[in-house]
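Every number here is computed from the coordinates shown, using simple stated rules; none is lab data. All figures in this text were calculated on a predicted structure; none of them were measured in a lab. Neighbour counts are summed over all protein chains in view; Cβ atoms, including those assigned to glycine, are modelled from backbone coordinates with ideal geometry.
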Amino acid sequence: MSNPMLEIRNLSKWFGGLLANNDISLSVPPGEIHAVIGPNGAGKSTLISQIAGELPPTSGTIAIDGLDVTGLPAHQRAKLGLARCFQITSIFPSFSAAENVAIAAQATQGHSYRFWRPADSISELNQAAAEVLFQVGLDSGKTRNAGSLSHGEHRQLEIAMALVGRPKLLLLDEPTAGMGREESQQLVRLLKEVGAGQTIILIEHDIDAVFALADRITVLANGRVLASDVPAAIRASPAIRDAYLGDDAPRS
Amino acid sequence: MSASARSRRVGFCLAWPIADVGDEMTAALFLEQLVNGMQLGTMLFLMSAGLTLTFGVMNFLNLTHGSFYMLGAFFAATMAAWTGNFLFAVILAIICTLLVGALLDLVIFRHLYNRSHLDQVLATFGLLLAFNDLVILIWGREPLFVAIPPMLSGAIEISPGNSYPLYRLVITAAGLATALLIWLLITRTRLGMLIRAGASNREMVGALGVNIAILFSLVFGLGAAAAGFAGAMTGPLIAVQTEMGDEILIIAFVVVVVGGISSVQGTFVASLAIGIVDTMGRFLLPKLLGFTVGPALASMAIYVLMAVILLTRPRGSIAARAH
Amino acid sequence: MTRSLTSRAAVGLFLLAVALVPLIGNSYQTRLATIALVYGIGAIGLNLLVGYGGMISFGHAAFFGIGAYTVAILGLSGLTSTVVTLPCAVAAGVIGALLIGALSLRMTGAYFIMITLAFAQMLFYGSVAITKFGGDEGIATPRGHLLGFDLHNGTAFFYLVFAITLATLYLSRRIVASRFGRVLRAINDNERRAVSVGYNAYAYKLIAFAIAGGMAGLGGALMANLNEYAAPSLFHWILSGEFLVMVILGGLGTLIGPLLGAILFVLLQTILSAYTTYWMLILGPIMLLIVMFSSGGVVLLLKRAGGGSRV
């Protein structure tokens, strides 16, 4: 049996007197889309930040594809195959969309301490960028600054930047946030398409999106894992329905 | 400004009594240098408090702060010469510096609080340079001489056969008293609470209905007054001349870096530490390491201290807090 | 990378005009132009940091001084060949920058500004205190030679400096457009994103800092050759500030900007001080006005260079 792509063991995080993540354990096999849901303040963002390497855990371990990354800084985890999309879209606003993706692609090609050749003349990077942009449905021909793109296009761009490096693990932090119904459904379709075979940790509030995408769901509340199971079981559990899903329970 | 003229200013601005080559290392001498270090430390605190406050509350990096020190000294020197009463002169100097600060805040700095640090640094740098020249225009190039008030010009015997200048003790005490007042203001009054709150969350304080503009002006004025006070008091000990604020400004920066901006106590401890390290370094290092390497290392001592502090801090820890 | 024909032509004309100074001007003007170019080399390095990297170093003079003193110290040992002294000065600048940068880059924002200022001033005091190296009077050093070719002639020296300036300009253009340069600009644009795609931001910034230090060292070395002495004032924080002013003055978000700014600054300084000894009283407020009235601040002017490929 192969390594889980992501293995979290007894992860805890204290902020002063507040226990934001309480002894969380999670195992995600390769190729699984694993959703993490929970009410606000449940500790989802803290969990994501620790997986990404932005926040050091107080205790516990994190392993990506069998490798213990608990002590590694964020940029090193990225080089090991961790890609991330932020809750508030985070791209390079002064660069074009194609350049954004090329920069992400460049990061996977060893070091960039190269000072002579113009970066935009490197065809492998440009090609990889164009391919991925096509996949997510963005026009790579647009040269204007990515900062002027729409919110939805920013999301697509982030996904492109994440995918171009052929990541092992993709962290998606509330991708449908700020989107209307139409747009969300479009994004879910896109994620289904490009996310096939990809191991994904998905944080979401949009329950429809969660049930459309997730292979398994973990429910967090008050920093602890409440339940971790297939969507059908989560949906069927009356306790969880009442405690969290409430009126947002998807139409069965 | 010629190269040599500029470098000759070194050491004159901070009232370092350089111990003589021939001095023996006695306990009394050691103690004297220690007290000198405390004196420098308290003056440093008066400078740094303003920087810490304006930087902490308004995120405003102000190079012109050095000019307040300089103006305080010049105002005090002039007023003392006119009125013959040093205490009166110091008070007037503080008021005048405060007025200059208030004017600058109203007309210029107010518009810089929201700007990038680069803008702030360039603007205040330009002003600092302009003030350095303005001071020459008004008072001339020759250093001003300020007499120590006769009442305070004696010396106190701290141990048999050893005495310490009374004036230095007085200004150290004054500095400590002011430090205590500032601490009480920050920690025990409503204004101080607002200042501390504003330092951690500007928008929130504004949302609570506090007039941010007035709060900022008060903080700025407090800082300017403290700097002017330090300059006015130190006047009799040193050469009151242009650029005298630059040196202490940079040391105040070191204090801010070392002490952080989160508390008045932190600034105070850092100020004393740096004042003492600097003074003791200049006293001890030439003795310990000879006169080729000693003085060089002595002048770099506090920066080495800063480097060590930087190494031991986790990367970016303060930066996260600073915003 | 597209550059309009007119802007290329403008840059070309500008450089040509500079190149003609020794031929149409007198020796004083040639010397002035040489000074401007030497500062320009330093400013080009700083622009890399500030304009493209977003790192506001107020300690650039540190490496300028290091370069100057390297030349002077080598000169004391009899080594005056510029083929040797200039690269040594660059290396010294790089090493100094790696050391100071490693410490300074541990903190960001305003702290970085204060720390770089402090370290540069540390070198200033150190150089004043080391009496062996001339104390506050500095060290005299003969003007170097280029492979035996005597450089005492002002015109000859000017053209050497001009050639070096062109080379530095070209190098900076390649660096900015390179993969390294793109990463640096990306980090400046959005550091969090750059880190999350796998870039070690601290390392890239440090390298940029070192490159800038090397360029400043080169400038300082040429200054020591020009004046035939090295003095502590070359470390002084006011010079650091003046470098920043040069970058801003010319800084329309271009690579040629710092050179333009250096020339403007030297011109302003010369013209103003001919009228009055209190020229800072005029230049200071000018700087203030530039900052206050450039809408969005001066950084916006510089940031245009950041993501785009405009040079």
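Report the relative contact order of chain A, percent, no decimals, based on alpha-carbon pairs under 8 angstrom and at least 6 residues apart. Rounded, it is 27 percent for chain A.
With Rh defined as the Kirkwood radius, the inverse of the mean 1/r over Cα pairs, the Rg/Rh of the stretch A:95-166 is 0.96.
Charges only on Cβ, +1 for Lys and Arg, -1 for Asp and Glu: so what's the dipole of the stretch A:95-166 about the Cα centre, in debye to the nearest 20? Walk me through the numbers before you get to the answer.
Details: 6 positive and 7 negative charges, 27 e Å.
Computed about the Cα centre, the dipole is about 120 debye.
Which whole-number percent is the relative contact order of chain B (Cα, under 8 Å, 6+ apart)? Before the final figure, lay out each step's value.
Working: 443 pairs, mean separation 114.3, N = 323.
Answer for chain B is 35 percent.
Sorting the segments A:166-178, C:140-152 by their mean number of nearby beta carbons within 10 angstrom, highest to lowest, gives A:166-178, C:140-152. Here is the size of the protein assembly as shown from its Cα atoms: Rg then Dmax, 30.3, 96 Å.
Placing +1 on each Lys and Arg Cβ and -1 on each Asp and Glu Cβ, with no other charges, gives chain A a dipole about its Cα centre of roughly 400 debye.
Considering only B:212, A:46, C:225, and ranking their Cα positions along the charge dipole of the protein assembly as shown that arises from unit charges at the beta-carbon of Lys, Arg, Asp and Glu, the one farthest toward the positive end is C:225.
Take each residue in B:249-257, count the other chain C-beta atoms within 10 Å of its C-beta, and the mean is 5.
Rg and Dmax over the alpha-carbon atoms of the stretch C:22-306 stand at 18.3, 56 Å. Take each residue of peptide A:184-194, count the partner chain Cβ atoms within 10 Å of its Cβ, and average: the result is 0. Between residue A:109 and residue B:141, the FRET efficiency estimated from the beta carbon spacing at R0 = 51 angstrom works out to 0.25. Among complete DSSP H helices in chain B, those whose alpha-carbon atoms stretch at least 15 Å along the helix's long axis and whose mean Kyte-Doolittle hydropathy reaches 1.0 are B:27-58, B:86-107, B:117-139, B:166-188, B:212-234, B:244-259, B:264-312. Based on alpha-carbon centroids, what's the gap between the stretch B:191-266 and the stretch B:100-114 in Å, whole number please? Taking the Cα centre of the stretch B:100-114 as reference, the centre of the stretch B:191-266 is 14 Å away. Highest mean first, the peptides C:201-208, B:232-239, A:185-192 sorted by other C-beta atoms within 10 Å per residue fall in the order B:232-239, C:201-208, A:185-192. Cα centroids of the stretch C:122-177 and the stretch C:199-240: 11 Å apart. Taking every lysine pair in the protein assembly as shown that is 8 or more places apart or spans two chains, those with Cα atoms closer than 27 Å amount to 14. Sorting B:210-220, B:271-281 by average packing, meaning the other beta carbons within 10 Å per residue, from highest down gives B:271-281, B:210-220.
Measuring nothing but alpha carbons in chain A and taking Rh as the Kirkwood radius, the Rg to Rh ratio lands at 0.98.
Bridge orientation summary for the protein assembly as shown: considering DSSP beta bridges with both residues in this region, about 60 percent are antiparallel.
For the stretch A:92-241, what proportion of DSSP beta bridges, expressed in % and rounded to the nearest 5, is antiparallel? Could the numbers behind the result be given before it?
Working: 6 of 11 bridges.
Beta bridges within the stretch A:92-241, antiparallel portion: roughly 55 percent.
Using 0.36 nm times the number of residues separating residue B:88 and residue B:214, minus their current alpha carbon distance, what extension gain do you get? If you can, show how the numbers build up before the last one.
Details: separation 126, 0.36 × 126 = 45.36 nm, distance 2.81 nm.
Taking 0.36 nm per residue and subtracting the Cα distance, the gain is 42.5 nm.
If you plug the beta carbon distance of residue B:308 and residue B:190 into 1/(1 + (r/R0)^6) with R0 = 35 Å, you get a FRET efficiency near 0.35.
Taken about its Cα centre, the protein assembly as shown carries a charge dipole of roughly 860 debye when the Cβ of each Lys and Arg holds +1 and the Cβ of each Asp and Glu holds -1.
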